[in-house]
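The values are calculated or read from the model by the stated rules, or taken from the named source; none is laboratory data. Fair warning: this is a prediction, and the values are worked out from it, not measured in the lab. Every residue, glycine among them, receives a Cβ derived from its backbone with ideal geometry; neighbour counts consider all protein chains shown. Note: areas computed on protein heavy atoms with side chains; ligands, DNA, RNA excluded. Shrake-Rupley method; radii C 1.70, N 1.55, O 1.52, S 1.80 Å.
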Amino acid sequence: MEADRRVGVAVDFSASSKNALKWTVDNVIRKGDHLILVTIRPEGNYEEGEMQLWEVTGSPFIPLSEFSDPVVMKKYGMKPDPETLDIVNTAARQKEVEVLMKIFWGDPREKLCEAIDTIPLSCIIVGNRGLGKLKRAIMGSVSNYVVNNGSCPVTVVKHHD
């Protein structure tokens, strides 16, 4: 990968996405990289805040100092997750990487593929909830969709209980 890497991690603050984030920090990120947390929120009728401005294009890049602030994140309809913040703050400090967040609104499958192209990402890491074959067939797997439709290398990190 190129020197100015933009490494994306799909983050929904679930145990599997935190696992993928930890794996990324331990195995992929290196000094000088941009670690970009890509978060997808459900579509809805938002009447206030930045959500209304950015629903179509996604939010601007949100620096770590801002997405650590609950007041700022409330404008996007989100609440900072302490464990995720701990992981990225440690990575920023120890690995000397720039950490940013970008929020999209809509279907996670489509929006993650869109994020790959619009950011653009060098690679993306997604967690896997470990759905059974039946649930995956009915609900559809976000990670499977991104693997098959994403335009950059995709790594799926399996979540084990």
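Dividing the summed helix terms, -39500 (n - 2.57) for each DSSP H run of n ≥ 4, by the number of residues in the chain produces a 222 nm estimate of -11500 deg cm²/dmol to the nearest 500. For the chain, give the percent of accessible area contributed by carbon and sulfur heavy atoms, probe 1.4 Å, rounded to a whole number. Answer for the chain: carbon and sulfur cover 50 percent of the accessible area. Each Lys or Arg adds one and each Asp or Glu takes one away; over the other residues whose Cβ falls under 11 Å from the Cβ of Leu21, this sums to -3. Net charge in the neighbourhood of Gly106 (other residues with Cβ under 11 Å of its Cβ; Lys, Arg +1, Asp, Glu -1) is -2.
Accessible surface calculations at 1.4 Å, restricted to protein heavy atoms, place the chain at 55 Å² per residue.
Taking every alpha-carbon pair within the chain, the share separated by more than 25 Å comes to 26 percent.
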